[in-house]
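Structure first, commentary second.
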């Protein structure tokens, strides 16, 4: 359990949020031209990093807006929170 | 040669103040090279080494464990064993394991305290009733024992359950697998370790893998905290840390690692003589031989390796437990902990070769790997020894995420994942 600083609402308990997995996985521009391997990579394969990871979260029991987070998965420390569409902070 | 454990060895050692017990396994330094190395000294890894030595005559094997054996998820689960899965592939896999459990204490000469006390799954709404009935039919077609219980039969089988129609999630019935039950999880790791050690397997604790050496598409060995160890066959059974190891070989897996929590109460006199699981409200409960209630909660939805988990998950589980078992309202919880489970998108495991020759992965067991320990070890050993999967784990290959032939047990396995 940790506190998340929602970029729209400010600090709230993590239980108000839902995790949306790894961030910055770009949806393929021309899906019909993808091979099965490329689809599998896009749909299923994840970095699942132990350490600093970029991920998506949604304030599901609050403003319901999506945003991005940089979090250390080994100790749940949050390094940065930024809005959708913004450039991720450099590590 | 290990001394046989028996009532006579117990008596003999009791007379000498238990000071002369033989070591259950050695503490060797790693050799320069092995025919096969298993990464991860949990139940699955030790079982893999045991069956490689026993059934495939590979004696020059090492098991590398970064901490102590059985200190990860093997020692953190709620010890439930069952095989009532919906799909044919899963039923085959888990019932294979259950059949080995039934003779495991004798085979290992180590009491794993396997207790076939039955596992009951409760239905709380009409869709649960339909799904669980469908599952009992599917189970029986696959030769897995399963029966449907009405609300009255649930009450008769486990009298402390509140079957009032006025609770928020009333009990509308349930399924029962009588061959299912629990086992002592530490004993499983120790029993396999002792058995493997006796056949010459080196169990190397406090040895963390730091890198995987490859020559093109073939593995050559492992960089570890105890130096480089050569091997042409490497089987990784690292549970929550599977992605970390895969990353060392430049592989990506379809896994997310999340905290799963459990807790135990103070010990009390026998009150519940079966295992009751409830999918809809996510509450599992059984009672250990020491008398503690063993309660399983759900996973957090975010990736984390912190072995902690969130308080609200535990709170939700305890709410459900208290509504179903009002008798526990004044029980005090003694301990709570988390383990890191690696979950596949289809909630089924991977027991598979990889695109790198000689590198095998056994992972993705998610929240339910303990029950499969003997079967997983047996099938993974077969896969490593023959460089081909056994027919029971062929469906659990990593290529199913490319072909789309998923074994979608999410929600179908009678538990929420």
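Since every read-out is calculated from the coordinates, none of them should be taken as a lab result. None of the values given here were measured: they were computed from a predicted structure. Note that each Cβ is placed from the backbone with ideal geometry, even for glycine, and that neighbours are counted across all protein chains shown.
For the reader, a short list of remarks on this structure follows.
- With eigenvalues of the C-alpha gyration tensor scaled by 5 and rooted, segment B:118-213, Å: 42, 16, 16
- Shape of segment B:201-275, Cα gyration tensor, a/c cut at 1.5: prolate
- Column: log10 I(q)/I(0), Debye, Cα scatterers of segment B:335-393, q = 0.30 Å⁻¹: -1.27
- Counting Cβ atoms of other protein chains within 10 Å of each residue's Cβ and taking the mean over peptide B:296-303 gives 5.
- Fraction of alpha-carbon pairs over 26 Å apart in chain B - percent: 54 percent
- Rg/Rh for segment B:51-136, where both radii come from Cα atoms and Rh is the Kirkwood radius: 1.07
- Mean projected area in nm² (Cα convex hull; one quarter of hull surface) for segment B:1-122: 10.7 nm²
- When only alpha carbons are used to place a centre, segment B:143-205 and segment A:1-69 end up 35 Å from one another.
- Acute angle (nearest 10 degrees) that the helix B:88-101 long axis makes with the longest principal axis of chain B, alpha-carbon atoms: 80 degrees
- The packing ranking, built from the mean of other Cβ atoms within 10 Å per residue, places the peptides B:384-391, B:315-322 in the order B:315-322, B:384-391, highest first.
- Using the empirical formula 2.2 N^0.38 Å as the baseline, the Cα radius of gyration of chain A reaches a ratio of 1.19.
- Taking each DSSP H run with n ≥ 4 as -39500 (n - 2.57) and averaging over every residue of chain B yields -8500 deg cm²/dmol at 222 nm.
- Axis angle, to the nearest 10 degrees, between helix B:126-141 and the longest C-alpha principal axis of chain B: 50 degrees.
- Three-way shape label, segment B:242-379, alpha-carbon gyration tensor, a/c 1.5: prolate
- Whole-Å semi-axes of the ellipsoid equivalent to the protein assembly as shown (Cα gyration tensor, √5λ, descending): 34, 33, 22
- Partner chain coverage, peptide A:29-37 - average Cβ within 10 angstrom: 1
- On Cα atoms only, tilt of B:43-55 relative to the major axis of chain B in degrees: 60 degrees
- Binning the C-alpha pair distances of segment A:1-42 at 10 Å intervals from 0 yields a P(r) profile of 23, 31, 19, 24, 4 %, listed from the shortest bin outward.
- Shielding by other protein chains, B:304-313, mean Cβ within 10 Å: 5
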